[in-house]
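Below: one structure, written as structure tokens.
The values are calculated or read from the model by the stated rules, or taken from the named source; none is laboratory data. Computed from a prediction, not measured in an experiment: that's the story for all the values here. Counting neighbours? That spans all protein chains shown, and the Cβs are built from the backbone with ideal geometry, glycine included. In case anyone asks, the SASA skips ligands and DNA or RNA and just uses the protein heavy atoms, side chains included. Shrake-Rupley method; radii C 1.70, N 1.55, O 1.52, S 1.80 Å.
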Amino acid sequence: MLSPYCATACAHANIALIKYWGKADESLVIPTTSSLSLTLDGLTTQTTVEFHADDESCEQAGASATGSPLLHDTLNIDGQEQIGTPLQRVSKFLDVIRERAGIALPARVVSHNTVPFGAGLASSASAFAALAAAASRAAGLELSDRELSRIARRGSGSACRSIYGGLVKWNAGHDDESSYAEPVESPLDLAIIVVLISAKEKPMSSREAMRLTVRTSPLYPAWVCASEVDMRDALAAVSHSDLRALGAVAEANALGMHAAMMSARPGVVYWLPQTVAALAAVRDMRTQGFDVWFTMDAGANVKVLALASEAEHVADELRNRMPDCAVEVHHPGSGVRIVH
Ligand code: 2P0
């Protein structure tokens, strides 16, 4: 039988069309700009959290390695016990939930992913969305989606968007209460085609890279100003079902984010030779009549925005042009859900 302090949740990654890059408040994870994303199917994290009361054990998570009660949090990701920074970050996040729920129990966290970790494929978004949902349910909290999104944000900013399926806006806000994500109605049936250039863990975490950009990039204030206009244009494009306007502003916003990070001191460059080749391929495909636009995150991989009805055709063309890269089609995915 499952313990009353145990729950499992499943969440999907999301890819931003208008990016989040930089915090106004590091400890509460309040961003400098609002962002807009698409939650995707396929890139999934499933996480079980059990808060250990005495010697109860959870069938899904398993008890501590010795079978005895836990004295502190433990974290297992894809079969590997974690120590150091990943465990500390999860423990700190669990403290937010423990404080809110009024409990002081250690937790066993077990997570399974289909997203490569730290490769710029939004693994922290699905990870902290699933953790927020599982941990808050296991702690006995009954939260609205908006409250859950605010809590997920404390773990990783982009995670607040994975609480919802489809197109999602994260309102930057100015404090804990006003910084939350919400779904955006969209008549556009979108898909994202991922061109996998590298599944290796990136050389610098996005958290560190955005901190460096905010602190040292002379281009960062200009990107923040442009991003506000980009968000307005993107929302107008969505409401008018104007894929071309949405694609153009998404591409410009991503390039602006990379220009800002490249001009940090020292510059952050995630691009590899194959990244540039993929960007050129997408632009050349546009001249051939394909409705495709690229976006990129904190990594070498390239994501291509297209209509869902054209996604397979676009993917075939990208496979022809980038024969050394895996190319995967992702359709919109659902928001976080409790599995049990
Ligand atoms: C985004 N990224 O909007 C942007 C674009 C990467 C590039 O959100 O420090 O892992 O945990 O809040 O959420 C990656 O940032 O950063 C991210 P933290 P997070 O998707």
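I'd like to check something: does segment 258-265 contain any residue that is touching a strand residue (DSSP E or B) at 6+ places or on another chain (Cβ under 7 Å) and modelled with pLDDT of 95 or more?
First, the residues of segment 258-265 that are touching a strand residue (DSSP E or B) at 6+ places or on another chain (Cβ under 7 Å): 258.
Subsequent filtering for residues that are modelled with pLDDT of 95 or more retains 258.
Scanning segment 258-265, I find at least one residue that is touching a strand residue (DSSP E or B) at 6+ places or on another chain (Cβ under 7 Å) and modelled with pLDDT of 95 or more, so the answer is yes.
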*Selected residue (criterion: nearest to the ligand (Cβ to nearest atom)) from residues of segment 192-223 that are over 20 Å from the mean Cα position of the chain (by Cα) and part of a helix (DSSP H, G or I)*: 223
*Do any residues in segment 196-214 that are open to solvent by less than 40 Å² (accessible area, probe 1.4 Å) have Cβ atoms under 6 Å from those of residues that are within 8 Å of the ligand (Cβ to nearest atom) and outside any helix (DSSP H, G or I), where the two are at least six apart or on different chains, and which pairs are they?*
206/298; 209/298; 210/21
*asked:* Residues to consider are 287, 275; find the one that is at pLDDT 95 or above, away from the ligand (no atom under 16 Å from the Cβ) and among the hydroxyl-bearing types (Ser, Thr, Tyr).
replied: 287
*Residues that are closer than 13 Å to residue 303 by Cβ and free of Cβ contacts under 8 Å to residues at least 60 places away in the same chain, drawn from segment 263-280*: 279
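For segment 287-309, which residues satisfy the criterion of being surrounded by 17 or more Cβ atoms within 10 Å (Cβ to Cβ) and not in a strand (DSSP E or B)?
Selection gives 290, 292, 297, 298, 299, 300, 301.
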*Listed residues 43, 75; which is modelled with pLDDT under 95, assigned to a strand (DSSP E or B), surrounded by 18 or more Cβ atoms within 10 Å (Cβ to Cβ) and under 28 Å from the mean Cα position of the chain (by Cα)?*
43
*Quickly run through segment 165-188 and pick out the residues that are surrounded by 15 or more Cβ atoms within 10 Å (Cβ to Cβ) and away from the ligand (no atom under 15 Å from the Cβ).*
165, 166, 182, 183, 186, 188
